[in-house]
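> Once you've had a glance at the structure underneath, I'll fire off some questions.
The values are calculated or read from the model by the stated rules, or taken from the named source; none is laboratory data. These figures come from a predicted structure and were not determined experimentally. Counting neighbours? That spans all protein chains shown, and the Cβs are built from the backbone with ideal geometry, glycine included. Note: accessible area is taken over every heavy atom of the protein model, side chains too, but ligands, DNA and RNA are not part of it. Shrake-Rupley method; radii C 1.70, N 1.55, O 1.52, S 1.80 Å.
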Amino acid sequence: MRRKSKSNEQKPDVRRENTALIANNVEQDRKTNTTTGRFRNVATWDADLSKRFASFMQTEFPGVTRMFENKFMEISGNEYIWFPALAVLYLMHPLVHKQLPLNLAIAMAFDSAVILLIKALVKRRRPTAKNPDFFTAIGPDQYSFPSGHASRTTLISFVFTQINPLFSNGHLNFVTSALIWSWSISVCFSRMLNGRHYLFDVLTGAVIGLCEGSVIVSPFWMSPEQAEGLFRFLPLENGSSEAT
């Protein structure tokens with residue numbers, strides 16, 4: 001009974017501290033937000049809801065929150081990791097076919113361009129970070145809306161589960177698809193719980209990733225023959241010793 005009373009005494013203090021932090025951050029958002037009218041009201045509501053969600057998770061589910069705050073979540077969804085990894089896979093041909101890394105690199109480059117363009121136009125300030133990112137944000141990436149991690153991981157998950165499944169076996173494909181989508185959702189949660197994005201940033205980023213995968217990437221996905229012939233005109237691919 002004594003242990004319960006101590007925990008009950010501590011919880012209100014934690015909640016009061018979180019409530020004060022929420023009020024302070026929301027007030028800062030009102031002062032620095034560059035949007036006007038209804039958009040400002042939506043942004044303020046989104047900031048309030050996001051902070052309350054983070055406070056609820058930290059108070060009621062601290063173990064789950066610590067798992068989402070793991071640096072692996074941020075780093076695994078970062079483009080600074082994926083582009084070099086795809087370059088390595090491309091160079092591993094013929095062990096790995098060129099089709100997958102080439103298509104995915106083009107898809108991710110398109111996604112990065114879309115996200116950076118929207119960020120540069122909207123210029124929404126990021127929330128106060130609980131845990132700063134491992135990689136420093138530069139240029140338009142310093143802004144919050146939309147989440148590049150959410151769009152990127154959603155697009156990657158769509159590619160590996162809908163366009164280019166890793167396995168032809170139904171059971172294996174189901175298990176890997178579940179794991180891949182779980183990773184993507186976990187990264188999205190981590191962006192909010194680490195204070196790097198608001199809820200609406202993450203939801204919008206995920207929608208952008210799904211739209212890119214279904215409307216842009218899927219129809220223009222290159223076949224193995226197209227991927228093989230894309231750089232055939234280069235000397236490295238065609239051989240520089242051919243007679244002219």
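Rundown of residues vs (1) at pLDDT below 85; (2) in a loop (DSSP other than H, G, I, E, B); (3) not aromatic (Phe, Trp, Tyr), yes/no style:
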| site | (1), (2), (3) |
| --- | --- |
| 104 | no, no, yes |
| 109 | no, no, yes |
| 113 | no, no, yes |
| 116 | no, no, yes |
| 121 | no, no, yes |
| 125 | no, yes, yes |
| 132 | yes, yes, yes |
| 135 | yes, yes, no |
| 140 | yes, no, yes |
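> Here's another thing I want to ask about it. Just checking, how many residues over region 163-193 are in contact (Cβ under 8 Å) with a residue 12 or more places away in the chain, closer than 19 Å to residue 64 by Cα and open to solvent by 10 Å² or more (accessible area, probe 1.4 Å)?
7
> Restricting attention to region 47-99, which residues are in a loop (DSSP other than H, G, I, E, B) and open to solvent by less than 30 Å² (accessible area, probe 1.4 Å)?
77, 78, 98
> Name the one entry in 85, 43 that is aliphatic (A, V, I, L, M) and in contact (Cβ under 8 Å) with a residue 60 or more places away in the chain.
43
> Taking the condition within 17 Å of residue 195 (Cβ to Cβ), acidic (Asp, Glu) and at pLDDT 80 or above, does residue 29 pass?
So residue 29 does not fit the description; no.
> Then there is this: Does residue 35 fit the bill of being closer than 17 Å to residue 199 by Cβ, among the hydroxyl-bearing types (Ser, Thr, Tyr) and modelled with pLDDT under 80?
yes
> Something else now. So residue 114 fits all but one of (1) of a type outside the set (Phe, Trp, Tyr); (2) under 20 Å from residue 218 (Cα atoms); (3) touching a residue at least 24 places away in the same chain (Cβ under 8 Å); (4) open to solvent by 80 Å² or more (accessible area, probe 1.4 Å); what number is the exception?
Condition (4) is where residue 114 drops out.
> Residues being open to solvent by 70 Å² or more (accessible area, probe 1.4 Å) and assigned to a helix (DSSP H, G or I): count how many of those fall in region 212-224.
1
> Same structure, new question: Examine region 144-154 for a residue that is surrounded by fewer than 15 Cβ atoms within 10 Å (Cβ to Cβ) and either over 14 Å from the mean Cα position of the chain (by Cα) or aromatic (Phe, Trp, Tyr) (or both), and state whether such a residue exists.
Taking every residue of region 144-154 in turn, none turns out to be surrounded by fewer than 15 Cβ atoms within 10 Å (Cβ to Cβ) and either over 14 Å from the mean Cα position of the chain (by Cα) or aromatic (Phe, Trp, Tyr) (or both).
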